[in-house]
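The values are calculated or read from the model by the stated rules, or taken from the named source; none is laboratory data. Since the structure is predicted, the reported quantities are computational estimates derived from the model, not experimental observations. In this analysis, Cβ positions are derived from the backbone assuming ideal geometry, glycine residues included, and neighbour counts consider all displayed protein chains.
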Amino acid sequence: MNLSPKICVTLATLVTLGLAVAPASAAPTPVTLAVSPTFTAGANDIYELPGVGNPVGNYQTFDYTNRGPGQIFTTLGNGSGYALNSVTFEGNGDSGNPTTATNFTLQISSVAADGTTLTSIGQFTAPASAAFAASNNYLTFNLLGQNVNLNPNRLYALGITTSSSYFGLQQANTGNNTGSATLQNPTTITTTLAYQRAFDAGLTPNAPVPELSSNVSLGFLLILGIVGFVAVRKRSPQFSG
């Protein structure tokens, strides 16, 4: 029997529409922050590392006039998208005036087609004290278990600010990202800069979603038919024995 292609239901088509990630909560989600003098990018990461020097201005995490450092990047083409497991920035040794209550806030946003409008898909916070003690090290926000899933071939933005004080970030020009550094507030990229920050988006490709084959679909339809036949037979006198 020749089966029409229309019978084949592809779950991947249904799931892809919802890949963009769970909505951000009203308050940032606490996560852990690892501080290390070395860092190696993963095989599926988008990155610009290592740092090559201090950028000129516009590199510190303090949220001056509601603007903080950001970095845009584009995901690759895995059809089922990617899980974002971590975000790393490299410090440049220029930091100061922290308090015991100083925290980092990391915002992850999708970037609209206009290249500037941001839609937050997650905000995370972590204590900054260990980072200020080693301000030229790599800062890695652990997002495992946070269900941050990114669509393929899509532009995203990372923004990082401190609740008080300032923390300098390195610039970089060696990696696989085609984006650029930015200044941004929670809803808009306010300035696009000529360099990139030293950063890493730790990505794992999501597994393909199995398709329902024609045979499975036909079997499902046959089961429905049998169930319907039995139900009709029980109700209709013409089928009584």
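Within the stretch 56-162, considering only strands (runs of 3 or more DSSP E) that don't extend past its boundaries, which have at least 1 residues that are at pLDDT below 90 and closer than 16 Å to Asn44 by Cα?
Answer list for the stretch 56-162: none.
Do we have Asp45 as modelled with pLDDT of 95 or more and either farther than 17 Å from Phe141 by Cα or among the charged types (D, E, K, R) (or both) here?
So Asp45 fits the description; yes.
With respect to the numbered conditions (1) in contact (Cβ under 8 Å) with a residue 24 or more places away in the chain; (2) more than 17 Å from Asn151 (Cβ to Cβ), which one is the sole condition not fulfilled by Ser80?
(2)
Before we move on, is Ala83 under 20 Å from Asn176 (Cβ atoms), in the same structural domain as Ala34 (by TED's automatic domain parsing) and among the aliphatic types (A, V, I, L, M)?
Yes; evaluated as a whole, the condition is true for this residue.
Does Val35 qualify as being out of contact with any helix residue (DSSP H, G or I) (no Cβ under 8 Å at 6 or more places or on another chain) and either at pLDDT below 95 or assigned to a strand (DSSP E or B) (or both)?
no
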